[in-house]
């Protein structure tokens, strides 16, 4: 089942291409990547050769030059193969957007173009011990020196790609008295003195999407390490979150769709009491609810993507789509394990991995509790502030 109200022939062609790639190149190695938490360098090079990296980055900068709908479609199809691969794809899109909109030509040449060719690896470094959902608690600082350079100090936690990244876009505090207006973004190379990487964390799910800590001890940055205007880092980071939430919603949908596909196949094949378990109403209703919520998720994601693509404000729709799809993915991957019975609880069975992969979608790119706060504020205005 598909919700194709907003799709053009070009969208469908890209969808088919990426689906075929995911079936042939991603799904066969997903269990191995999960087992060993492997960063699949060669796989990302193959993806780059397809020309799909940097979906909304202009072609003249090495991107695809496509729309947000295309991004949502690709994220879903990659995630049906393995969510960690889609997660990496989404990170490249996010950094690509930042570099396209705010990077200098020199930064685009040094970082963006190699990133889109899978020749360099990036990290997006926001989260700290006291700054997750609330970035007002940001402690990492960059102090400007008389010669125009900067000195960076602090640390980041739970950073995607930290163990392998060649460079990181780091949100810092450059004016301690200015609140959100006192934050700036710096592009920091891994080989700079004072840049160090913590251990690779052992994750519950999406295990091939590596996470770790970054530490900055008197890292001296040249003036041209600043990405975008000084003091506008918070606003720049927030500007890409709506598209990021469409992406995570689509990633969650890909997990849900994979769980639905696996459950339908298993229900037809598994026999109990002399007939396939698909004949039992308890199984039928679980699968019907999976399909219903996958369809609803797709409609919401595509509607949000279409609104963003039209240049309209879509924060409400993006939060709704991400929240609904992530909750649906978690609920129904649990149900997919139930459909599979005891076998679903065994490591190496796809739905066991899908259940673990689904959980983080309720947490990253803004927890689903934060999404509900955003929705309430959009709907209720100042009254929601109490």
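The values are calculated or read from the model by the stated rules, or taken from the named source; none is laboratory data. For clarity, every value in this text was computed on a predicted model and none was experimentally measured. Backbone-built Cβ (ideal geometry, glycine too); neighbour counts: all protein chains shown.
Within the stretch 177-190, track down each residue that is in contact with a strand residue (DSSP E or B) (Cβ under 9 Å, 6 or more places away or on another chain) and surrounded by fewer than 16 Cβ atoms within 10 Å (Cβ to Cβ). Across the stretch 177-190, the qualifying residue is only 181.
Taken over the stretch 353-386, residues that are more than 15 Å from residue 203 (Cβ to Cβ) and either in contact with a helix residue (DSSP H, G or I) (Cβ under 8 Å, 6 or more places away or on another chain) or surrounded by fewer than 16 Cβ atoms within 10 Å (Cβ to Cβ) (or both) amount to 21. Check whether at least one residue in the stretch 233-244 is touching a strand residue (DSSP E or B) at 6+ places or on another chain (Cβ under 9 Å) and surrounded by fewer than 19 Cβ atoms within 10 Å (Cβ to Cβ), and report yes or no. Yes, the conditions are met somewhere in the stretch 233-244. In a residue-by-residue description of the stretch 18-29, the property of being within 27 Å of residue 295 (Cβ to Cβ), surrounded by fewer than 21 Cβ atoms within 10 Å (Cβ to Cβ) and without any contact (Cβ under 8 Å) to a residue 12 or more places away in the chain applies to at least one position.
Would you check if there is a residue in the stretch 309-317 being closer than 15 Å to residue 76 by Cβ and in contact with a helix residue (DSSP H, G or I) (Cβ under 7 Å, 6 or more places away or on another chain)? Looking through the stretch 309-317, none of the residues is closer than 15 Å to residue 76 by Cβ and in contact with a helix residue (DSSP H, G or I) (Cβ under 7 Å, 6 or more places away or on another chain). Filter the stretch 222-269 down to the residues that are outside any helix (DSSP H, G or I) and farther than 26 Å from residue 360 by Cβ and list them by number. Matches in the stretch 222-269: 222, 226, 227, 228, 229, 230, 231, 232. Going by the structure shown, is residue 309 buried (at least 16 other Cβ atoms within 10 Å of the Cβ) and more than 24 Å from residue 269 (Cα to Cα)? In short, yes.
Might you let me know whether the stretch 161-172 holds any residue that is on the phi > 0 side of the Ramachandran plot, over 21 Å from the mean Cα position of the chain (by Cα) and not assigned by TED's automatic domain parsing to the domain that holds residue 99? So far as the stretch 161-172 goes, no, none of its residues is on the phi > 0 side of the Ramachandran plot, over 21 Å from the mean Cα position of the chain (by Cα) and not assigned by TED's automatic domain parsing to the domain that holds residue 99. Within the stretch 277-290, being surrounded by 13 or more Cβ atoms within 10 Å (Cβ to Cβ), in a helix (DSSP H, G or I) and more than 23 Å from the chain's Cα centre (by Cα) holds for 277, 278, 279, 283, 284, 286, 287, 289. Tell me yes or no: at least one residue of the stretch 161-176 is at pLDDT below 95, surrounded by fewer than 23 Cβ atoms within 10 Å (Cβ to Cβ) and not in a loop (DSSP other than H, G, I, E, B). No - not one qualifying residue is present in the stretch 161-176. Which members of the stretch 135-157 meet the condition of being out of contact with any helix residue (DSSP H, G or I) (no Cβ under 8 Å at 6 or more places or on another chain) and either modelled with pLDDT under 95 or part of a loop (DSSP other than H, G, I, E, B) (or both)? Hits for the stretch 135-157 are 137, 138, 139, 140, 145, 146, 147. Can you spot a residue in the stretch 202-214 that is exposed (fewer than 15 other Cβ atoms within 10 Å of the Cβ) and assigned to a loop (DSSP other than H, G, I, E, B)? Yes, the stretch 202-214 contains a residue that is exposed (fewer than 15 other Cβ atoms within 10 Å of the Cβ) and assigned to a loop (DSSP other than H, G, I, E, B). In this structure, is residue 95 at pLDDT 95 or above, touching a strand residue (DSSP E or B) at 6+ places or on another chain (Cβ under 8 Å), over 20 Å from residue 18 (Cα atoms) and not assigned by TED's automatic domain parsing to the domain that holds residue 204? Yes; evaluated as a whole, the condition is true for this residue. Residue count for the stretch 337-386, restricted to those that are assigned to a helix (DSSP H, G or I) and more than 23 Å from the chain's Cα centre (by Cα): 19.
Report yes if residue 52 is in contact (Cβ under 8 Å) with a residue 12 or more places away in the chain, under 19 Å from residue 83 (Cα atoms) and crowded, with 20+ Cβ neighbours inside 10 Å, otherwise no. Yes; evaluated as a whole, the condition is true for this residue.
Of the numbered conditions (1) closer than 28 Å to residue 119 by Cα; (2) in a loop (DSSP other than H, G, I, E, B); (3) touching a helix residue (DSSP H, G or I) at 6+ places or on another chain (Cβ under 6 Å), residue 184 satisfies every one except a single condition; which is it? Failing condition for residue 184: (2).
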